[in-house]
1. I'd like to check something: does the range 129-151 contain any residue that is under 54 Å from the mean Cα position of the chain (by Cα) and either modelled with pLDDT of 95 or more or closer than 30 Å to residue 241 by Cβ (or both)?
2. Can you go through 240, 235 and tell me which one is in contact (Cβ under 8 Å) with a residue 60 or more places away in the chain and under 22 Å from residue 115 (Cα atoms)?
3. Of the residues 302, 310, which single one is surrounded by fewer than 17 Cβ atoms within 10 Å (Cβ to Cβ), at positive phi and in contact (Cβ under 8 Å) with a residue 40 or more places away in the chain?
4. Go through 407, 440, 486 for me and flag whichever is surrounded by 21 or more Cβ atoms within 10 Å (Cβ to Cβ), at negative phi and without any contact (Cβ under 8 Å) to a residue 40 or more places away in the chain.
5. Tell me, yes or no, whether the range 177-190 has at least one residue that is more than 48 Å from the chain's Cα centre (by Cα), surrounded by fewer than 19 Cβ atoms within 10 Å (Cβ to Cβ), free of Cβ contacts under 8 Å to residues at least 24 places away in the same chain and outside the structural domain of residue 306 (by TED's automatic domain parsing).
C-alpha cells in the first residue's frame with residue numbers, strides 16, 4: 001500500500017507509457033462496437049485497450065436524432081495488478097516501490113477557459129519532458145484547436161508546474177463530468193465518484209469539487225491535497241475517499257507516578273566486582289525529608305470530533321485520581337506531588353504512601369529473611385544479626401537477639417538484648433551509646449558510652465565518655481578499652497593474668513590521629529631530605545658550569561615544585577598536630593578506672609600521661625591520676641545506674 005506519493009509515482013509510469021502511445025479515433029453504434037473497430041486498427045485485443053469518450057452515442061427516437069459513439073483508443077498500460085483506490089491516503093496496490101529518480105510529466109486539462117498545459121520537472125536523474133512528447137500528448141485530443149506551439153515550448157522549458165493556456169476547444173457544459181458522493185460509516189467517510197466527461201466537457205476542478213461536496217453536506221475533513229491530485233490526474237468511475245471525519249478522543253485519566261517500587265515482593269540484587277551480592281537485597285526504600293515520593297499527572301480533557309457533515313461528536317474528559325497520603329507525608333501546594341516529612345522508609349499501606357521512622361525485621365537478619373539492612377531511621381531486629389551481614393541506620397538499632405560476626409552502624413544508639421560475639425572482626429559503631437548484655441571478641445566504637453551488664457571479653461572498645469560493666473558478672477577481661485571519662489567494672493583482668501589494657505583521661509581518636517600525624521610528618525621529612533640533597537647537587541653543578549643542560553634544568557624545576565608542595569603539606573600537618581596537642585592538654589577531665597570487686601595482675605592502666613602495670617591483686621579500688629602518677633584510692637561507686645536502659 002502506498003500513499004499520495006505512490007499515486008504520483010503511478011501517474012509517472014502512465015506518463016512514460018503515453019510517450020510511446022499509438023492512438024486512433026473511431027466511431028461505432030455504441031462503445032463496444034467502437035472498441036472492436038479500434039482493436040482491429042491497433043492490432044490488439046479489446047481487453048488491452050484504454051479509451052476516452054469524445055461523443056456519447058444515442059439511438060434517437062423513431063430513427064431521428066441518432067448519433068454514433070466516438071472514442072479515442074490506445075494501448076493500455078499493463079499493470080501488475082489492478083489499481084485500487086481507497087482510504088484517506090489514496091492507497092494504491094500493485095505498484096512497484098518508487099525510486100529516487102523520476103521523469104518529468106505533462107498534463108493536459110480541459111477547462112471552461114480553454115486547454116491548459118502543466119509540465120512537471122524531473123526528479124533526481126529523471127528525464128525532462130520534451131516538446132515532442134508534450135505535442136504528442138496534446139495531439140491525443142483531436143478536439144484541441146489553435147495550439148500555440150511557442151507557449152508549449154516555453155512551458156516545457158520552464159517546467160514550472162503552473163498551468164498555461166495553449167489552445168481552445170468547443171466547450172459543451174452538458175458534457176461536463178457527473179459527480180456523486182456517498183457518505184458512509186456513520187457520516188465519518190465521504191467517497192467521491194467522478195464520471196468521465198463527454199466530448200466538449202471539462203476536467204474536474206478543485207473548486208468545483210469542493211463546492212459540490214459542500215452542497216452535498218460534506219464540510220469537514222476534506223483532503224485538499226488529494227483534490228489537487230485529482231485535478232491533475234483524474235480518477236474516473238471509481239469511488240475515492242475524499243473526506244474523513246475526526247473521531248473523538250477521550251481524555252486520559254490522571255495517573256500517579258511513584259518514585260519508589262511499590263511492589264515489596266521484588267528483590268533487587270546488586271552486583272559488586274562482577275559478582276552478585278545476595279546480602280544486598282535492597283528491600284528498604286529509604287527516603288529523606290523533603291524528597292518527592294510520587295507525582296500526579298493530571299487528567300486530560302477530551303478532544304471532540306466531527307463527522308464529515310460537521311456534526312459534533314463529544315468526548316469524555318479523563319477521571320481524576322487522588323494521591324493517597326498517609327503518615328509523615330504531605331502534598332505540595334498544587335496538590336500534585338507527595339513529599340516526605342521525615343527521614344525513613346517509604347511504604348504503601350492500603351493505597352496510601354507512608355514514611356515509617358522505624359524499620360522492623362521480623363526475624364533474623366540473614367540471607368533468607370532480609371539481607372543487609374540500610375535505613376534512614378531506626379531499625380528493630382526481632383531476631384539476631386547473623387555472621388557476615390550489615391545493619392546501618394540513621395537512627396537507632398535495637399536487636400532482640402544476638403549479634404555475630406556482623407557490622408552494626410547507627411547514628412544514634414545500638415541496643416543488643418542478648419550480646420555480641422564478633423569472632424575477632426565483628427564491628428559495632430554508634431554515634432551515641434552501645435548497650436549489650438555482653439561483648440566478646442568484637443570491635444566497638446561509641447560516641448558516648450558503652451554499657452555491658454555481663455562483661456567485655458577480648459574486645460577493642462572505644463568510648464568518648466564511659467565504658468561501664470554493671471551487673472552480677474560485670475567483668476572486663478583482655479583486649480584494649482579506651483574511654484575519655486571512666487572505665488568501671490566489677491572485676492578487671494583474670495587470675496590467669498591475661499593482658500588487659502585500660503586507658504582513660506584523653507580522647508582516643510584524637511590521640512590516634514596525633515600518632516598518625518607524627519608518622520606522616522616523619523615520612524615527609526625523609527622525602528624533603530632527599531629532595532634537598534638533589535637540589536644541593538644541582539646547585540653546585542650550576543655554580544661551576546654557570547648553566548644547566550635542558551634536561552637538568554627541567555629536573556631542577558620539578559624538584560623545586562615538589563619541595564614547595566611537600567613543605568606546604570608538612571606545615572598543614574604540623575598545624576593540625578599542634579591543635580590536637582593543645583586540645584588534649586586542655587582536657588579538664590582527669591579520668592578514672594574503678595573495680596568494685598577485684599583487679600588482677602596483668603592489667604595495664606593509663607590515665608592521661610600516667611601509666612601503671614598491676615603486679616598484685618587489688619580489691620574494691622579506684623585508680624586516678626595525681627601529679628602525673630597513678631594513685632590507688634578507695635572504690636568510688638557509679639554516680640548513675642546504667643542498668644535501666
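1. Of the residues in the range 129-151, the ones under 54 Å from the mean Cα position of the chain (by Cα) are 129.
Retained after the next criterion (residues that are either modelled with pLDDT of 95 or more or closer than 30 Å to residue 241 by Cβ (or both)): none.
No: the range 129-151 contains no residue that is under 54 Å from the mean Cα position of the chain (by Cα) and either modelled with pLDDT of 95 or more or closer than 30 Å to residue 241 by Cβ (or both).
2. Working: 240 fails: under 22 Å from residue 115 (Cα atoms).
Just a single option satisfies the conditions, and that option is 235.
3. 310
4. On the way: 407 fails: surrounded by 21 or more Cβ atoms within 10 Å (Cβ to Cβ); 486 fails: without any contact (Cβ under 8 Å) to a residue 40 or more places away in the chain.
Result: 440 is the single residue among 407, 440, 486 that is surrounded by 21 or more Cβ atoms within 10 Å (Cβ to Cβ), at negative phi and without any contact (Cβ under 8 Å) to a residue 40 or more places away in the chain.
5. yes
Yes/no matrix, rows are residues, columns are (1) at pLDDT below 95; (2) on the phi < 0 side of the Ramachandran plot:
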residue: 593; (1), (2): no, yes
residue: 602; (1), (2): yes, no
residue: 608; (1), (2): yes, no
residue: 615; (1), (2): yes, yes
residue: 622; (1), (2): no, yes
residue: 626; (1), (2): yes, yes
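The values are calculated or read from the model by the stated rules, or taken from the named source; none is laboratory data. Note that the structure is a prediction, hence the values are computed from the model and not measured. Every residue, glycine as well, gets a Cβ built from its backbone with ideal geometry; the counts of neighbours run over all protein chains shown.
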